[in-house]
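Peer 1: Let me give you the structure first, and then I'll get to my questions.
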Amino acid sequence: MSRPHPRARHGRDRRAEALPATPGHARFPGAEPPRVAVVGGGIAGLAAATALAERGIDVVLHEREPVLGGRVAGWSTRLADGSTATMSRGFHAFFRQYYNLRGLLRRTDPGLTRLVGLPDYPLRQRSGTTDSFARVPRTPPFSAAGFVALSPTFGLRDLAALDARAALPLLDVRLPEVFERHDTTSAHDLLERINFPEAARHLAFEVFSRSFFTDPRELSAAELLLMFHIYFLGSSEGLLFDVPTEPYPQALWEPLAAYLTALGVDLRTGSAVDAVRPLPDGGLEVASSGRGTERHRAVVLALDPAGLRSLVANSADLGDPAWRADIAALRTAPPFLVSRLWLDRPVAADRPGFLGTSGYDGLDNVSVLERWEGEAARWSARTGGSVVELHAYAVAADAEPKEVQERTAALLHEVYPETRDARTVDVRHEWRQDCPVFPVGGWPRRPGVTTPHPAVVLAGDLVRTDLPVALMERAATTGFQAANTLLARWGVTGQTLWTVPRAGRSRPLRALARRAAR
């Protein structure tokens, strides 16, 4: 299967930027290519393995779970009615700004036919107002103006009340300056300073801050500004997104696993790495459960915060004291709940596939999976029921899980009253606590792709990068950057990266914002 052309444009934004890799050989030129261990089989590890293997590198990928995909993984489960279904860690939005993630998926699906666009992304407040993005223009500044004109939450009077000087940083977000200036402020305090109206503030938190599974008082304002830039004020791709037409394994990771296997990648699921030991000659020993130690020329660590902390703590000679201290200081976001319910009757036909909710005391969104996912649609057609998924983010650490599950289900009945009389055929509750948190003042200690050891690189959404990316796209981008770093050492050209514009779109507004920042 051929790779997409490295400079092929796959988005609508003509100002999206291509960042070519360091020039070099198309493939490793020697007879014995270097052997690289990729630790972690989520998006970041899969991106790194793909870029390396396509250029002739010998790759061994370790994933401690029995399935690939990381936080976008899925696995089979048998329901009470005897049918088989795929459970996952919950809904993910594949935004059109995710150029590098979508480039990874194009390896096995060049036209992205296994993704389908949702027609809207409504956000309902408990007060009864609902915001929609279906008719909002995609290109700034018309996107912002259109949102204000159409929104019942944020009106012209609210716009006039904003502190224009305090709001100017929204218009010229660039890295690393946005972190140098705003990382010591919380997302909550930034919107207070701008004088965002209360209702619109909840909207901003639900769209952006809660996406990090973090209380806005704990989240760096720089991350919030970056999110505004990526999704709203810096890109013309818009806020609508795509979702897979089948569960994640079938739509995404099983085809990519077959592609990597054909390239010679040794995919090892259920294989945890215990330690990485530097060798005197510059190589590395990787110690894995059941495999003993194996020698490699380089290692990509693509782990969640807890996994990276544990591996580095067990690898006594890896890195220097300052870097090891930064890794040990990485924090994990509060726990979150994904509840999936198979109901014996349908929700109302006019319910959206995905609904964001605000002010519902813990219920953050509702998905009706049969609206887009083939497996759920087939179950619904066969039984007459619905497959509904509920998310509760940033749950208090001392909360009783059963109480949270019951409250979340009760809130579904408030949002969609027709579910009150539905019988639950089966239910799965998935509790996780493995997402990174980006705290106020945390940017200086956030680890980057490179490490003190030249043959060890990091990848993942926890990793610092000077490109305007976030969430799944940060994982894919840093995965490719990690591969590019190693390939450049061996004189091989890497993956061309794409990004939304790296500065505000309007030159006069950029100048105004920079003047106000002085």
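The values are calculated or read from the model by the stated rules, or taken from the named source; none is laboratory data. These figures come from a predicted structure and were not determined experimentally. In this analysis, Cβ positions are derived from the backbone assuming ideal geometry, glycine residues included, and neighbour counts consider all displayed protein chains. Remember, those area values only see protein heavy atoms, side chains included, never the ligands or the DNA or RNA. Shrake-Rupley method; radii C 1.70, N 1.55, O 1.52, S 1.80 Å.
Peer 1: Test each condition in (1) assigned to a loop (DSSP other than H, G, I, E, B); (2) over 14 Å from VAL457 (Cα atoms) for ARG295 and report the one that comes out false.
Peer 2: Unmet for ARG295, out of (1) assigned to a loop (DSSP other than H, G, I, E, B); (2) over 14 Å from VAL457 (Cα atoms): (1).
Peer 1: Also: Test of understanding: among ASP361, ASP421, ASP398, which residue is over 27 Å from PRO436 (Cβ atoms) and either in contact (Cβ under 8 Å) with a residue 60 or more places away in the chain or not aliphatic (A, V, I, L, M) (or both)?
Peer 2: Result of the check over ASP361, ASP421, ASP398: ASP421.
Peer 1: Given the criteria crowded, with 22+ Cβ neighbours inside 10 Å and touching a residue at least 60 places away in the same chain (Cβ under 8 Å), does PHE91 qualify?
Peer 2: no
Peer 1: Quick one: in segment 301-316, which of the residues that are in contact with a helix residue (DSSP H, G or I) (Cβ under 8 Å, 6 or more places away or on another chain) and surrounded by fewer than 20 Cβ atoms within 10 Å (Cβ to Cβ) is nearest to THR214 (Cα to Cα)?
Peer 2: Once the filter is applied, the top-ranked residue is ARG309.
Peer 1: Identify the single condition in (1) assigned to a loop (DSSP other than H, G, I, E, B); (2) of a type outside the set (Gly, Ala, Ser); (3) touching an Asp or Glu at 6+ places or on another chain (Cβ under 7 Å) that VAL67 does not satisfy, given that it satisfies every other one.
Peer 2: Every condition holds for VAL67 apart from (3).
Peer 1: Moving on. So, of the residues in segment 73-129 that are within 19 Å of the chain's Cα centre (by Cα) and among the polar types (S, T, N, Q), which turns out to be farthest from ASP364 (Cα to Cα)?
Peer 2: The residue in question is ASN100.
Yes or no, residue by residue, for (1) over 20 Å from ALA394 (Cβ atoms); (2) more than 21 Å from the chain's Cα centre (by Cα):
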residue: PRO444; (1), (2): yes, yes
residue: PRO452; (1), (2): yes, yes
residue: THR465; (1), (2): yes, no
residue: PRO468; (1), (2): yes, no
residue: LEU471; (1), (2): no, no
residue: PHE480; (1), (2): yes, no
residue: ALA483; (1), (2): yes, no
residue: ARG489; (1), (2): yes, yes
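Peer 1: Which one is farthest from PHE95 (Cα to Cα), of the residues in segment 177-212 that are modelled with pLDDT of 85 or more and among the aliphatic types (A, V, I, L, M)?
Peer 2: Among those residues, the one meeting the criterion is ILE194.
Peer 1: Collect the residues in segment 23-43 that are at pLDDT below 95 and not acidic (Asp, Glu), keeping them in residue-number order.
Peer 2: PRO29, GLY30, ALA31 - these are the residues of segment 23-43 that are at pLDDT below 95 and not acidic (Asp, Glu).
Peer 1: In segment 67-81, how many are open to solvent by less than 10 Å² (accessible area, probe 1.4 Å) and under 20 Å from SER310 (Cβ atoms)?
Peer 2: Looking only at that region, the number is 1.
Peer 1: Looking at ARG107, ARG64, ARG9, ARG3, which is the one that is open to solvent by 10 Å² or more (accessible area, probe 1.4 Å), at pLDDT 95 or above and of a type outside the set (Asp, Glu)?
Peer 2: Checking each option against the conditions leaves just ARG64.
Peer 1: To continue, here is another question. Determine whether PRO255 is open to solvent by 20 Å² or more (accessible area, probe 1.4 Å) and at pLDDT 95 or above.
Peer 2: Here the answer is yes, as PRO255 does meet what is asked.
Peer 1: Restricting attention to segment 235-252, report how many residues are of a type in the set (D, E, K, R), surrounded by fewer than 20 Cβ atoms within 10 Å (Cβ to Cβ) and either more than 17 Å from the chain's Cα centre (by Cα) or at pLDDT below 95 (or both).
Peer 2: 1
Peer 1: Against the definition (of a type in the set (A, V, I, L, M), within 25 Å of SER339 (Cβ to Cβ), modelled with pLDDT under 95 and open to solvent by less than 20 Å² (accessible area, probe 1.4 Å)), how does LEU123 come out, yes or no?
Peer 2: yes
Peer 1: If GLN495 meets every condition in (1) surrounded by fewer than 24 Cβ atoms within 10 Å (Cβ to Cβ); (2) not in a helix (DSSP H, G or I) apart from one, which number is that one?
Peer 2: GLN495 satisfies all of (1) surrounded by fewer than 24 Cβ atoms within 10 Å (Cβ to Cβ); (2) not in a helix (DSSP H, G or I) except (1).
Peer 1: Let me ask another. Determine if segment 444-458 includes at least one residue that is without any contact (Cβ under 8 Å) to a residue 40 or more places away in the chain, more than 26 Å from TRP75 (Cα to Cα) and among the β-branched types (Val, Ile, Thr).
Peer 2: yes
Peer 1: Among the residues of segment 271-286, count how many are of a type in the set (A, V, I, L, M, F, W, C) and either part of a loop (DSSP other than H, G, I, E, B) or surrounded by fewer than 16 Cβ atoms within 10 Å (Cβ to Cβ) (or both).
Peer 2: Final tally of qualifying residues: 2.
Peer 1: Could I ask something else about it? Among the residues of segment 465-484, are any assigned to a strand (DSSP E or B), in contact (Cβ under 8 Å) with a residue 24 or more places away in the chain and either open to solvent by less than 30 Å² (accessible area, probe 1.4 Å) or closer than 30 Å to LEU46 by Cβ (or both)?
Peer 2: no
Peer 1: Also: Name the pairs whose Cβ atoms lie under 6 Å apart, with the first residue in segment 165-191 and more than 16 Å from ARG505 (Cβ to Cβ), the second among the aromatic types (Phe, Trp, Tyr), and 6 or more positions between them or separate chains?
Peer 2: PHE179/TRP443; ASP183/TRP443
Peer 1: Taking into account only those residues within segment 287-300 that are open to solvent by 20 Å² or more (accessible area, probe 1.4 Å) and touching a Leu at 6+ places or on another chain (Cβ under 9 Å), which is farthest from ARG35 (Cα to Cα)?
Peer 2: ARG295
Peer 1: Name the single residue that is surrounded by the most Cβ atoms within 10 Å (Cβ to Cβ) among those in segment 126-164 being over 22 Å from GLY504 (Cβ atoms) and in contact (Cβ under 8 Å) with a residue 60 or more places away in the chain.
Peer 2: ASP131
Peer 1: For segment 16-53, name all the residues that are open to solvent by 20 Å² or more (accessible area, probe 1.4 Å) and outside any loop (DSSP other than H, G, I, E, B).
Peer 2: Passing the criteria: GLU17, ALA18, LEU19, HIS25, ARG35.
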